[in-house]
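> One structure, pasted below without further comment.
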């Protein structure tokens, strides 16, 4: 089955949790947050490559 | 799946950095990676991602104004992801031009960009002789990826075997794998130093060679040690993927469904759906 369905939690974000991008070692220069990425895409004439994550991002792993 | 597959490929990472603005976010507002602006933008493009239960989201290629121009599955192989990136750029060339100052970079950097875009002739033309050793190493990588293994070996054989020992170990190991010669693959990859820049890649593929030699437990130990040592490295994810699809006695049974119950992988993941780790399939020898 290629499509995995997962329940998404609807609780508010915990501001104490650090964004897991600091753990990222892919070498991808993620543009965060989204509005920064969108602004850059406009200014630089680029397409956005957007990866929504549904499996959950945690403080111990990116996704 | 992207982390364990396509994100281990420097061409995909390079294209994302040089020709796109890459961004990720978690659909869950509870996550530290949640982003309300991103979610609003994306659910206009893909309403099915706005519900409380969603399909696994693809990677989306869109303009800043909200036009969806392409997508690639979360389960795409490296080949499929690379094709998707190149296709969307080819079909929307106004977004594909070089960045300011890009043409003033050293020729090796420019050649890499040509290679990422699939323009190997342009890359090779840029690297006319005489070449530096690093340029020759890159020429060997172009040849290996094109399947011209004899030429790749020839170029590697002319490199300084001390200065480039680690790169030579990995490159010859990957060439041996492409030939289906897993004994040579193991010997070559075992020569890579622990301190070398490509140590995670070398350790991962050393595990692959052990697996194909029937040393399944040793292979899994190599992958486990790699994950323990290198954490969030892309080759840790690839090792995690291999680990979950094997046992100490060989390939593991395929999962019949996805579940968030039961044991997690070494990296704490619930599972790897969608496809088998291609490295566990031996190349024809």
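> Condition test on residue B:16, is it in contact (Cβ under 8 Å) with a residue 12 or more places away in the chain, facing chain A (nearest Cβ under 8 Å) and surrounded by fewer than 23 Cβ atoms within 10 Å (Cβ to Cβ)?
Details: in contact (Cβ under 8 Å) with a residue 12 or more places away in the chain: yes; facing chain A (nearest Cβ under 8 Å): yes; surrounded by fewer than 23 Cβ atoms within 10 Å (Cβ to Cβ): no.
Considered against the rule, which asks whether it is in contact (Cβ under 8 Å) with a residue 12 or more places away in the chain, facing chain A (nearest Cβ under 8 Å) and surrounded by fewer than 23 Cβ atoms within 10 Å (Cβ to Cβ), residue B:16 comes out as no.
> Moving on. Identify the single condition in (1) part of a helix (DSSP H, G or I); (2) more than 19 Å from residue B:170 (Cβ to Cβ) that residue B:266 does not satisfy, given that it satisfies every other one.
(1)
> Let me ask something else. Among the listed residues B:217, B:222, identify the single one that is out of contact with any strand residue (DSSP E or B) (no Cβ under 7 Å at 6 or more places or on another chain), part of a helix (DSSP H, G or I) and surrounded by 15 or more Cβ atoms within 10 Å (Cβ to Cβ). Step through it out loud before you land on a result.
On the way: B:217 fails: surrounded by 15 or more Cβ atoms within 10 Å (Cβ to Cβ).
Of B:217, B:222, the one residue that is out of contact with any strand residue (DSSP E or B) (no Cβ under 7 Å at 6 or more places or on another chain), part of a helix (DSSP H, G or I) and surrounded by 15 or more Cβ atoms within 10 Å (Cβ to Cβ) is B:222.
Table: residues versus (1) under 23 Å from residue B:6 (Cα atoms); (2) more than 14 Å from every other protein chain (Cβ to nearest Cβ).
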{"position": "B:180", "(1), (2)": "yes, yes"}
{"position": "B:183", "(1), (2)": "no, yes"}
{"position": "B:190", "(1), (2)": "no, yes"}
{"position": "B:196", "(1), (2)": "yes, yes"}
{"position": "B:208", "(1), (2)": "yes, yes"}
{"position": "B:229", "(1), (2)": "yes, no"}
{"position": "B:235", "(1), (2)": "yes, no"}
{"position": "B:255", "(1), (2)": "yes, no"}
{"position": "B:272", "(1), (2)": "yes, no"}
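> Within the set of pairs 6+ apart or on separate chains, which have a first residue in region A:49-62 that is within 7 Å of another protein chain (Cβ to nearest Cβ), a second that is at pLDDT below 65 and in a loop (DSSP other than H, G, I, E, B), and C-beta atoms under 7 Å apart?
A:54/A:8
> What are the residue pairs meeting all of these: first residue in region B:24-45, first residue closer than 16 Å to residue B:74 by Cβ, second residue surrounded by fewer than 16 Cβ atoms within 10 Å (Cβ to Cβ) and at pLDDT 95 or above, Cβ atoms under 6 Å, and 6 or more apart or on different chains?
B:45/B:68
> Across region B:165-183, what is the total count of residues that are surrounded by 14 or more Cβ atoms within 10 Å (Cβ to Cβ) and either out of contact with any helix residue (DSSP H, G or I) (no Cβ under 8 Å at 6 or more places or on another chain) or over 21 Å from residue B:235 (Cα atoms) (or both)? Give the steps one after another, and end with the answer.
First, the residues of region B:165-183 that are surrounded by 14 or more Cβ atoms within 10 Å (Cβ to Cβ): B:165-179, B:181-182.
Remaining after also requiring either out of contact with any helix residue (DSSP H, G or I) (no Cβ under 8 Å at 6 or more places or on another chain) or over 21 Å from residue B:235 (Cα atoms) (or both): B:165, B:179, B:181.
The total comes to 3.
> Then there is this: Determine, yes or no, whether residue B:103 is over 24 Å from the mean Cα position of the chain (by Cα), more than 18 Å from residue B:274 (Cβ to Cβ) and part of a helix (DSSP H, G or I). So that I can check it myself, show each step before the final result.
Numbers: over 24 Å from the mean Cα position of the chain (by Cα): yes; more than 18 Å from residue B:274 (Cβ to Cβ): yes; part of a helix (DSSP H, G or I): yes.
Considered against the rule, which asks whether it is over 24 Å from the mean Cα position of the chain (by Cα), more than 18 Å from residue B:274 (Cβ to Cβ) and part of a helix (DSSP H, G or I), residue B:103 comes out as yes.
> Can you spot a residue in region B:109-127 that is part of a helix (DSSP H, G or I) and in contact with a strand residue (DSSP E or B) (Cβ under 7 Å, 6 or more places away or on another chain)?
Restricting attention to region B:109-127, the residues satisfying the condition of being part of a helix (DSSP H, G or I) are B:109-116, B:120-126.
From what is left, the residues that are in contact with a strand residue (DSSP E or B) (Cβ under 7 Å, 6 or more places away or on another chain) are none.
No: region B:109-127 contains no residue that is part of a helix (DSSP H, G or I) and in contact with a strand residue (DSSP E or B) (Cβ under 7 Å, 6 or more places away or on another chain).
> Looking at B:89, B:108 in this structure, which one is in the same structural domain as residue B:2 (by TED's automatic domain parsing), in contact (Cβ under 8 Å) with a residue 24 or more places away in the chain and under 30 Å from residue B:137 (Cβ atoms)? Even if it seems obvious, please write down each step before you answer.
Values: B:108 fails: in the same structural domain as residue B:2 (by TED's automatic domain parsing).
Unique residue meeting the criteria: B:89.
> So residue B:89 passes all but one of these: (1) within 25 Å of the chain's Cα centre (by Cα); (2) within 9 Å of chain A (Cβ to nearest Cβ); (3) surrounded by fewer than 13 Cβ atoms within 10 Å (Cβ to Cβ). Which condition number does it fail?
(3)
> Let me ask something additional. What number of residues within region A:15-43 are more than 7 Å from chain B (Cβ to nearest Cβ) and at pLDDT 95 or above?
3
> Sticking with this one: Are any residues in region B:62-84 facing chain A (nearest Cβ under 8 Å), surrounded by 18 or more Cβ atoms within 10 Å (Cβ to Cβ) and not in a loop (DSSP other than H, G, I, E, B), and if so, which ones?
B:62
> Another question about this same structure. Exactly one of these conditions fails for residue B:39: (1) part of a helix (DSSP H, G or I); (2) at the interface with chain A (Cβ under 8 Å from one of its Cβ atoms); (3) in contact with a strand residue (DSSP E or B) (Cβ under 6 Å, 6 or more places away or on another chain). Give me its number.
Residue B:39 satisfies all of (1) part of a helix (DSSP H, G or I); (2) at the interface with chain A (Cβ under 8 Å from one of its Cβ atoms); (3) in contact with a strand residue (DSSP E or B) (Cβ under 6 Å, 6 or more places away or on another chain) except (3).
> Right, another one. So, in region B:20-34, exactly how many residues are under 29 Å from residue B:93 (Cβ atoms) and crowded, with 24+ Cβ neighbours inside 10 Å?
Of region B:20-34, the ones under 29 Å from residue B:93 (Cβ atoms) are B:20-25.
Add one more test, that the residue is crowded, with 24+ Cβ neighbours inside 10 Å, and what stays is B:20-21, B:23-25.
Result for region B:20-34: 5.
> From the list B:58, B:47, which residue is out of contact with any helix residue (DSSP H, G or I) (no Cβ under 7 Å at 6 or more places or on another chain) and surrounded by fewer than 18 Cβ atoms within 10 Å (Cβ to Cβ)? Write out each step before concluding.
Values: B:58 fails: surrounded by fewer than 18 Cβ atoms within 10 Å (Cβ to Cβ).
So the residue among B:58, B:47 that is out of contact with any helix residue (DSSP H, G or I) (no Cβ under 7 Å at 6 or more places or on another chain) and surrounded by fewer than 18 Cβ atoms within 10 Å (Cβ to Cβ) is B:47.
The values are calculated or read from the model by the stated rules, or taken from the named source; none is laboratory data. This is a predicted model, so every value here is computed, not measured. All Cβ positions, even for glycine, are placed from backbone atoms using ideal geometry, and neighbour counts span all protein chains on display.
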